[in-house]
1. Name the single residue that is surrounded by the fewest Cβ atoms within 10 Å (Cβ to Cβ) among those in segment A:131-152 being at the interface with chain B (Cβ under 10 Å from one of its Cβ atoms) and over 14 Å from A:I204 (Cβ atoms).
2. Hand me the list of strands (runs of 3 or more DSSP E) wholly inside segment A:243-325 holding 3 or more residues that are buried (at least 20 other Cβ atoms within 10 Å of the Cβ).
3. What number of residues in segment B:1-30 are free of Cβ contacts under 8 Å to residues at least 40 places away in the same chain and either among the hydrophobic types (A, V, I, L, M, F, W, C) or not in a helix (DSSP H, G or I) (or both)?
4. Spot the failing condition for A:Y155; the list is (1) surrounded by fewer than 24 Cβ atoms within 10 Å (Cβ to Cβ); (2) facing chain B (nearest Cβ under 7 Å), and only one is missed.
5. Give the residue, chosen from B:A186, B:A181, B:A217, that is touching a strand residue (DSSP E or B) at 6+ places or on another chain (Cβ under 9 Å) and more than 7 Å from every other protein chain (Cβ to nearest Cβ).
6. Any idea which of B:G202, B:G126, B:G196 is buried (at least 24 other Cβ atoms within 10 Å of the Cβ), farther than 23 Å from B:K58 by Cβ and small (G, A, S)?
7. If the requirement is being β-branched (V, I, T) and touching a Phe, Trp or Tyr at 6+ places or on another chain (Cβ under 7 Å), which of these qualifies: A:V100, A:V67, A:V80, A:V25?
8. Do any residues in segment A:82-97 that are within 24 Å of A:G64 (Cα to Cα) have Cβ atoms under 8 Å from those of residues that are acidic (D, E), where the two are at least six apart or on different chains, and which pairs are they?
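The values are calculated or read from the model by the stated rules, or taken from the named source; none is laboratory data. All values derive from a computational prediction rather than experimental measurement. Cβ placement follows ideal geometry from the backbone for every residue including glycine, while neighbour counts extend to all protein chains displayed.
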There are 2 protein chains.
Amino acid sequence: MPLPQSLLDQLGAVFGERLSTAHAVREQHGKDESHFPPCPPEAVVFALNTAEVSAAVKICAAHGVAVIAFGTGTSLEGHVAALKGGICIDVSGMNAVLTVRPEDLDVTVQPGVTRKQLNEYLRDSGLFFPIDPGADASLGGMAATRASGTNAVRYGTMRDNVLSLEVVLPDGRVIRTARRARKSSAGYDLTRLFVGSEGTLGIITEVTLRLHGIPEAISAAVCPFPSVEAAVQTVILTIQSGIPVARIEFMDDLMVEAVNRYSKTTHQVAPTLFFEFHGSDAGVREQAERVQAIAADFGARQFQWATGTEDRTRLWVARHNAYYAGVALRPGCRAWTTDTCVPISRLAECLLETKEDLATSSLISTVVGHVGDGNFHVMLLVDPDRPEEIAEAETLNRRIVRRALAMDGTCTGEHGVGHGKMEFLEEEFGEALDVMRRIKTAIDPAGIMNPGKIVV
Amino acid sequence: MPLPQSLLDQLGAVFGERLSTAHAVREQHGKDESHFPPCPPEAVVFALNTAEVSAAVKICAAHGVAVIAFGTGTSLEGHVAALKGGICIDVSGMNAVLTVRPEDLDVTVQPGVTRKQLNEYLRDSGLFFPIDPGADASLGGMAATRASGTNAVRYGTMRDNVLSLEVVLPDGRVIRTARRARKSSAGYDLTRLFVGSEGTLGIITEVTLRLHGIPEAISAAVCPFPSVEAAVQTVILTIQSGIPVARIEFMDDLMVEAVNRYSKTTHQVAPTLFFEFHGSDAGVREQAERVQAIAADFGARQFQWATGTEDRTRLWVARHNAYYAGVALRPGCRAWTTDTCVPISRLAECLLETKEDLATSSLISTVVGHVGDGNFHVMLLVDPDRPEEIAEAETLNRRIVRRALAMDGTCTGEHGVGHGKMEFLEEEFGEALDVMRRIKTAIDPAGIMNPGKIVV
């Protein structure tokens, strides 16, 4: 369906050369890092400020044309796919850190600022922003997908760390969801409603985030285990003991091997936990001793410590590149990534049964997880040109999701719904899904905001 | 407007003698602890389970009659006032602790369970529920008002500690807002939408809460200061230093005097901070030393320690009774309580300017606050039969709220909107208030759920 010329004319008047219908630009904006085939928008505008986003949305609304926001394109459930065509608003150029307020431990950024950029900016302030999904995602995108990652077990997710949002509504009006006070009981929690709404209710144009003091002491450790179960039981007991570990990450043996190859590391190939401890010198020592004792009880062979900044950076860069390391196991493949999250008491059962499924599959697969939250990812490596592999991955994914739901878990711990997880929401939410539909219809009655995602 | 007989017949068929139209019962259910005049419902039903709540809501919906939930009646903004008449559903009899899951650090309770009852129940488990608004409120009510209180500076508010809710919708359907996983990116955050919705979108019939391990060590201290400013600057620097203090509470000198009288304590009459520290033995010592050093820099005269359980209990009981102690300063009066919350950097300015206002007022007033969050309450003691006193309290309240809004704060940190704070939402939210209205209309199109609260 070609775009009406009046729409292009109006967008052109606002964006000039920052409006593009070039094939390559459209292709790039129609795909994320998932296995889903690209689905390009009909045009892309590169917005530089809130007024431009609002203008673009108003023009699209007047024409009944779909609007999709784009940050870094690192989402994993087809969030940016233009399923109904329409206009992509690329906000990556809205990348200014607007105000840092060290005295309030908060910061306001434009949505295109990435997490690494923010932490680089904060470098000399003694503060940092902890949420770390691996990819150097934009903070607007992270808010939109309710992202979390390796530090969530201690610092929470985007849900807990967004104080306030500026949002362009589907009719182009600009709202602010909350004041900057640390807590409020004033009305419905619009901040939390837009966090995780994946562009289906509006476009985030400013994000106010909580910051945290850089801990006095940080230490990290790598700990291989004799079995997956021993590793997972260590995690469970650590969490149940209330030890405020900052990171507790699992990799299965193949994932460790993949990381060694990709990042030139030399970790022992075994089911492995990666830990990080934050606190005072004494506090970090205390936490580490307690965790070591638990791990030893489950037969852990050794703790390799990384206390220097460089060692730690190398370790976490390797962990962060796990996704790319996994994909590199099979050249030309795409990764189909699951994202279930279950109550911690069910984690061992869930992970072990899943490993049994994987053992019987013909697909190469690895497991990596933010296990302190009960969240893990299976990466299924598929050849996108082989429908039988896609079908097998689909079947496995469904089985893994249904298992998590049966354990009172969720189909997605941190990646979001996009169009990839929509089929599971009925099962996860039952009648509550109707409440989501009503909210969608109330805020976006014409259905122009990122259509075909979360609810239809 | 008398209730239709068919409504009473249908409710009678479900509730039998647990349906009451007695004057005393209605009066009791039409008032909370605020200064607002009572506004009784036309009948009260005492529900014992979710099915009964659902049945009552369906019957009311069929008749277009208002429905108001009632827990302990300890709210402070007229939340339970039956402004449009209708039926009050008293859920205080739904007071079973349904499932404690120590291995997942969570619990599911019926909405009438109070916070003290839950902690009593958990006594031997090594776990506790930290949110503590002072009053022994019901957990359903605390979720509905997004309550917090003295521990929020460390443990967060009800927003952060509710994992999932069961809710009866305005048409009587029963939904569950989320699974029990610690995090999820599956769709709109319905849990956070219903937390703080004050019965205007549905009635909470089950609450699943996060629990926390009882800290290995706890110590508390009382610290009088030479001035309000010295106390507040100590708070600000403590928070900015990232010291994970569990409680940091302020009382002005008159409040301390009132508490001494009411609770037979002997605290020095001065602007005072009450601290509590949670952690390991070493951690608590470390935190306390750091805070003591900060306080000394601002001229604090002494730290009175309470490390024994009994001493601490006495101390916090006195703090919790501050509301009643304040009211007792003037027999026969009612308390008009403000609830602003501002970014911590503005706290000193906000509190000192407010104290200047109070100094010029003819009303007796005290100040008490969860200052670590930037939240404080002014208690204005008014004779409900003297319109000129009500008018003066109204004027002061407006001035205090507008000051907080001008500092990027909120009109209510923890009490909620009820009908008492509605006039400020336009100023606090602007166009965002329209989004709240749309949500209300989408979920409760007939407007029968606690009408006249939050948005109309």
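1. A:A152
2. Working: elements: A:247-251, A:272-279, A:304-306.
The strands (runs of 3 or more DSSP E) meeting that bar are A:247-251, A:272-279.
3. Within segment B:1-30, residues that are free of Cβ contacts under 8 Å to residues at least 40 places away in the same chain and either among the hydrophobic types (A, V, I, L, M, F, W, C) or not in a helix (DSSP H, G or I) (or both) number 8.
4. Condition (2) is where A:Y155 drops out.
5. Values: B:A186 fails: more than 7 Å from every other protein chain (Cβ to nearest Cβ); B:A181 fails: more than 7 Å from every other protein chain (Cβ to nearest Cβ).
Step by step, each of B:A186, B:A181, B:A217 is checked, and only B:A217 is touching a strand residue (DSSP E or B) at 6+ places or on another chain (Cβ under 9 Å) and more than 7 Å from every other protein chain (Cβ to nearest Cβ).
6. Details: B:G202 fails: farther than 23 Å from B:K58 by Cβ; B:G126 fails: buried (at least 24 other Cβ atoms within 10 Å of the Cβ).
It is B:G196.
7. On the way: A:V100 fails: touching a Phe, Trp or Tyr at 6+ places or on another chain (Cβ under 7 Å); A:V67 fails: touching a Phe, Trp or Tyr at 6+ places or on another chain (Cβ under 7 Å); A:V25 fails: touching a Phe, Trp or Tyr at 6+ places or on another chain (Cβ under 7 Å).
Unique residue meeting the criteria: A:V80.
8. Between residues of segment A:82-97 that are within 24 Å of A:G64 (Cα to Cα) and residues that are acidic (D, E), the close pairs are A:A82/A:E42; A:G85/A:E42; A:G86/A:E42; A:I87/A:E42.
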